[in-house]
Amino acid sequence: MHDLRTAGATPPFPAAPPPPTAGDPAPDFELVANGTATRLSSLRGSPVVLVLHNPEWDPARREQIDAFNRLLASLPAAAEQRLITVGAAHPWLELEFDTSRVALPVIRDDDGSIAQAYGVHDTPAVFVIDERGIVRWTHMGRTPPREGDIIAALTSFAARDEPRSSSWNRREFIATVLGVAASLTISPRLAVAERIAAASTAPGAARAVTLNVNGRQLRLTLEPRVSLLDALREYAGLTGTKKGCDHGQCGACTVHVDGRRTLSCLTFAMMHEGQQITTIEGLAASAGTSGNTLHPMQQAFIKHDGFQCGYCTPGQIMSASAMIHEPWGAADSDVREAMSGNICRCGAYPGIVAAIQEVRANAADGEHGQ
Amino acid sequence: MYPFQFESAASEQDAIALLGANPDARFLAGGTTLVDLMKHDVERPARVVDINQLSLTTVEEIDGGGLRIGAMVRNSDLANHPLVRERYPVLSQALLAGASPQLRNMATTGGNLLQRARCQYFRDVANACNKREPGSGCSALHGINRIHAVLGTSEQCIATHPSDMAVALAALDAIVRVRGAGGERTIPLVDFHLMPHDRPDRETRLEHGELIVSVDVPPLPFAKRSLYIKVRDRASYAFTLASAAVALDVRDGVIRAARIALGGVATKPWRVPDAESALENTSADGAAFGRAAELALSGAVAREHNAFKIELAKRTLIRALTRAAAIA
């Protein structure tokens, strides 16, 4: 065991060490994830990406989730992957994907001691630590690092040691995301404590919510006032569902809840634990298509030019793909009535009606065994 | 949106207790009105009690031909229920004339009764509104009042009741069953909503802490000959300018009984008993329908922009009666 500088975190403002550089041992610290305490050093055998960020670089935002998803996706054959996020004043986010088993349990750095041990004060920083606990790559500065650089760092030390490279790929890949608000690292601890206390007792405080979206379990930390639409877009990184009017008048936010088309802007995310939510991202898979094959309704919209600018299109397609299972008449006028809740400013209605009628006709043919 | 405490009710008793414990609490069912108005800061509940787990989701037969509609039955399910389509086409049609398919998938029977005014001054906190803020005045009286009511108004409020479903239920003599801490009681739907008078903020007879558990529709055999006509600015997906829910019992060309309610023109679902009795034992023809329409709108008071509604409502009613009489 090497550096235990963070343990205890005694004097209020000890002189901060400089940040570790490549080749230095990574300062150890205690992680409390999902109520289980462990130490960074206990994660030896897996590389760790440690990210310290301020609120502007917030892993609960979709850009960071997208970045991490791409990062994870680009790593070869990670059989079991875990992401750990560390919040400063409040839990940030938990995501659990059934398919890839990626979780972001919440760890807290309330007193800023972890950030201090890494010499980080008011700028985001990234440390890539190898499976032996040695810092291999660092990035500090306001600009988020390119994920390609992180991947390059990881693969470089994996490739350097060929016999071990396959082992870490199959073992846990752990990215530890530390949320350290800039203001917190320079503020008295008392202020932090007060903010935590206020957040945990105020009406409307955030709590863990598990949503089943496109067949994956997403654990998000949400306030009650977060609409399903905002949860999908801003917390789960699923930006295919669009925000048009945000008042239930345009249909751009249409998703399926237990197979029924629903306006995600007029419902709170917390109301939908235990239900199956399908967004445009998961529509094709929900219909049983595989790979890159689009849902038949998506294909028909392309074929019939059922859009111009495309903004209303995810809502149109989600609405249309549910509508064909509802009791409506066969005429074009019936389709227009059934689709009246989806507004298109470009006026692509003729193509939309044609697309829907084609899918309905094909479905009817299929039922008749033709 | 202002923060609020979110509670999920596991049972009716639970829901009633959670609501009753906080005077600023609201039930949350489909959310299509409440969430919208919370985004506008028109509704600012301190506590929201989610009742979507309650099992008030069935449509059952009662009283030899009537239906008991659970408060949490979604508008789309109710509209497409075989017994509703067969026995009360006016109810199915009114539901399908309201909102959009997505909204109907969300909105509930109980929530539909409690949906709030679409008056643009009610929905905008920058304007005076006695319904939203008692005593602040009414911006609609001398504002753009094209969509406003001509029946049942007061000098405090001229907002229409926006529901189509409730207009059909008014014509069908529906009964609202509510449950509170003290037990259960029933309120006839025609008495459930209040006219504004000098308290437009009081919209129904529901007491705080009372939960709508069902809407009971009594048997009405001639309701098979019923329909709903809605006139609006667009072909679909718009609120009512004028609507009519009618059911006629016609035998040998003579009207034995009639049920008439109007929507879009009044401050509550507007049953018109005078017009109904005027039709009884008369021949089902245009002259009789015209007289009924005159009676139905006889008390109408127009404002600057909504006088057209009086004539529109008459014609809508005449057309509805004409079509109902033609149903075999």
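How many Cβ atoms of partner chains, on average, are near each residue of A:227-234 if near means within 10 Å of its Cβ?
Working: counts 4, 2, 0, 0, 0, 0, 0, 0.
Taking all residues of A:227-234 together, the mean is 1.
Put simply, chains B and A cover up around 2600 Å² of each other's accessible surface, both sides summed, when a 1.4 Å probe is used. For segment A:254-267, backbone phi angles converted through the Karplus equation (6.51, -1.76, 1.60; θ = phi - 60°) give residue-by-residue couplings of 4, 10, 9, 10, 6, x, 9, 6, 9, 8, 6, 7, 9, 8 Hz, Gly and Pro being listed as x.
Across segment B:226-325, the mean sequence separation of Cα contacts (distance under 8 Å, 6 or more residues apart), normalised by length, yields a relative contact order of 28 percent.
So what's the net charge close to B:Asp24: Lys and Arg +1, Asp and Glu -1, counting the other residues with Cβ under 9 Å from its Cβ? Present the calculation step by step, with values, prior to reporting the outcome.
Numbers: positive: B:Arg26, B:Arg44, B:Arg47; negative: none.
With Lys, Arg at +1 and Asp, Glu at -1, the neighbours total +3.
Per residue, the accessible area of chain B comes to 39 Å² when a 1.4 Å probe rolls over the protein heavy atoms. At a threshold of 40 Å², the residues of segment B:90-105 that become less accessible to a 1.4 Å probe in the full protein assembly than in their chain on its own are B:Pro101, B:Gln102, B:Asn105. Of the residues B:Ile255, B:Gly299, B:Tyr237, the one whose Cα sits farthest towards the positive end of the charge dipole of segment B:226-325 is B:Tyr237 (charges of +1 on Lys and Arg Cβ, -1 on Asp and Glu Cβ, taken about the Cα centre). Within the assembled protein chains, the solvent-accessible surface assigned to B:His305 is about 60 Å², based on a 1.4 Å probe. For segment A:283-335, the relative contact order comes to 23 percent (Cα pairs under 8 Å, sequence separation of at least 6).
Our helix-only sum for chain B, with -39,500 (n - 2.57) per DSSP H run of n ≥ 4 divided by its residues, gives a mean residue ellipticity at 222 nm of -7500 deg cm²/dmol. Each Lys and Arg adds +1 at its Cβ and each Asp and Glu adds -1 at its Cβ; summed about the Cα centre, segment B:20-90 shows a dipole of about 100 debye.
Go through B:Lys39/B:Lys309; B:Lys230/B:Lys268; A:Lys242/B:Lys131; B:Lys131/B:Lys230 and tell me which ones have a Cα-Cα distance over 23 Å in this structure. Over 23 Å apart, Cα to Cα: B:Lys39/B:Lys309; A:Lys242/B:Lys131; B:Lys131/B:Lys230. Along segment B:69-78 the Karplus relation, 6.51 cos²θ - 1.76 cosθ + 1.60 evaluated at θ = phi - 60°, assigns HN-Hα couplings of 9, x, 4, 9, 5, 6, 4, 5, 5, 5 Hz to successive residues, with x for each Gly and Pro.
Within the full protein context, the accessible area of A:Met270 is estimated at about 10 Å² for a probe radius of 1.4 Å. Each residue of segment B:210-216 was assigned a 3J(HN,Hα) from its phi angle through the Karplus curve 6.51 cos²θ - 1.76 cosθ + 1.60 (θ = phi - 60°); the sequence is 8, 10, 6, 9, 7, 10, 9 Hz, with glycine and proline shown as x. Computed from label points 7 Å out along Cα-Cβ, the spacing between A:Glu30 and B:Glu311 is 8.2 nm.
What number, in percent, do you get for the relative contact order of segment B:75-154 if the mean sequence gap of Cα pairs under 8 Å and at least 6 apart is divided by its residue count?
Working: 57 pairs, mean separation 14.7, N = 80.
It comes to 18 percent, rounded to a whole number.
Across B:Arg123, A:Arg207, B:Arg291, the residue with the most accessible area heads the list, and the full order at a 1.4 Å probe is B:Arg291, A:Arg207, B:Arg123.
Roughly how crowded by other chains is peptide A:261-273, in terms of the mean Cβ count from those chains within 10 Å of each of its Cβ atoms? Working shown, then result.
On the way: counts 8, 5, 10, 1, 3, 13, 7, 10, 0, 5, 11, 1, 1.
Mean inter-chain Cβ contacts per residue within 10 Å come to 6.
Go through A:Ser113, B:Ser11 and list them by solvent-accessible area, largest first, probe radius 1.4 Å. Walk me through the numbers on the way to the answer.
Values: A:Ser113 20, B:Ser11 40 Å².
The residues order as B:Ser11, A:Ser113, largest area first.
The mean number of partner chain beta-carbon atoms within 10 angstrom of a residue's beta-carbon across peptide B:31-43 is 4.
Sorting check: for B:20-29, A:260-269, which peptide has the highest mean count of neighbouring beta carbons within 10 Å, and how do the rest follow?
Details: B:20-29: 19.0, A:260-269: 26.7.
Highest to lowest by the protection proxy: A:260-269, B:20-29.
Sorting A:284-296, B:292-304, B:197-209, A:219-231 by their mean Cβ neighbour count within 10 Å, with the most densely packed peptide first, gives A:219-231, B:292-304, B:197-209, A:284-296. As a fraction of the 1.4 Å probe accessible area of chain B, surface on carbon and sulfur atoms comes out at 48 percent. Binning all Cα-Cα separations of segment B:110-156 at 10 Å, short to long from zero, yields these whole-percent fractions: 26, 55, 18, 0. The alpha carbon centroids of segment B:186-220 and segment A:311-370 are separated by 38 Å.
The values are calculated or read from the model by the stated rules, or taken from the named source; none is laboratory data. This is a predicted model, so every value here is computed, not measured. Every residue, glycine among them, receives a Cβ derived from its backbone with ideal geometry; neighbour counts consider all protein chains shown. Each accessible area value is taken on the protein alone, full model and side chains, heavy atoms only, with ligands, DNA and RNA left out. Shrake-Rupley method; radii C 1.70, N 1.55, O 1.52, S 1.80 Å.
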